[in-house]
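Structure record follows, encoded as structure tokens.
Just so you know, all these numbers are worked out from the coordinates, no wet-lab data involved. The structure presented is a predicted model; accordingly, all values stated were derived computationally and were not measured. Every residue, glycine among them, receives a Cβ derived from its backbone with ideal geometry; neighbour counts consider all protein chains shown.
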Amino acid sequence: MKLEIVKSPVMLKSQVEIVYARLNEAPKLYETDGIKVKEVAVKLFNSNFTLFVVEYDSNQRLAFGYMKNESADDLSEWGYSSIDELIGLGFEMDLYFNDRVIASDGYISKRGV
């Protein structure tokens, strides 16, 4: 069963399809549990928040990652997010964000550095 593509107020349908294609390449939920430095599969953002996705469940369209609060960094945290909801709220994908890892404290770096 193919799931319906969510309509985005800021991205074209083809861009939303790229988001889901990249997410489908991410590790499944709980696959990276216990790993301190995780590879970032997708970076989604809006003016207030940035989500660094490290795991994804395509059946539930649920992502696990680090949600950075751009206004108050101390309120940033790891957790689960509905990708459909974020896309519907106008989150965009950073197409040029790749080869990055994230530490448990939210620090982003180039892979291998």
Tell me, what is the Rg over Rh of region 30-113, with Rh the Kirkwood radius over Cα pairs? 0.93
Identify which of Val40, Val54, Val101 has the largest mean-square fluctuation in a Gaussian network model of the chain, with springs joining Cα atoms closer than 10 Å. Val101
By how many degrees, 0 to 90 and rounded to 10, does the Cα axis of helix 13-24 deviate from the longest principal axis of the chain? 40
Round to a whole angstrom and tell me the spacing of the C-alpha centers of region 49-82 and region 92-113. 13
Is there a pair in Lys7/Lys38; Lys7/Lys68; Lys13/Lys68; Lys13/Lys110; Lys38/Lys110; Lys13/Lys38 whose C-alpha atoms are over 22 Å apart, and which pairs would that be? Lys7/Lys38; Lys7/Lys68; Lys13/Lys68; Lys13/Lys110; Lys13/Lys38
Residues whose placed amide H lies under 5 Å from that of Glu55, excluding near-sequence neighbours: Phe64
Per DSSP, the loop-located trypsin sites (Lys or Arg not before Pro) within region 69-113 having at most 14 other beta carbons within 10 Å are Arg111
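Would you mind ranking Tyr30, Tyr80, Tyr56, Tyr20 so that the residue whose beta carbon has the fewest other beta carbons within 10 Å leads the list?
Tyr30, Tyr80, Tyr20, Tyr56
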I want to check the label-to-label distance for Gln15 and Leu3. Put each point 7 Å from Cα in the C-beta direction and report it in nm to one decimal. 2.1
Signed unit charges on C-beta, dipole axis of the chain, positive-most listed residue Leu95, Val42, Val10: Leu95
Footprinting exposure proxy for Glu4, Glu55 (fewest neighbouring C-beta atoms within 10 Å first): Glu4, Glu55
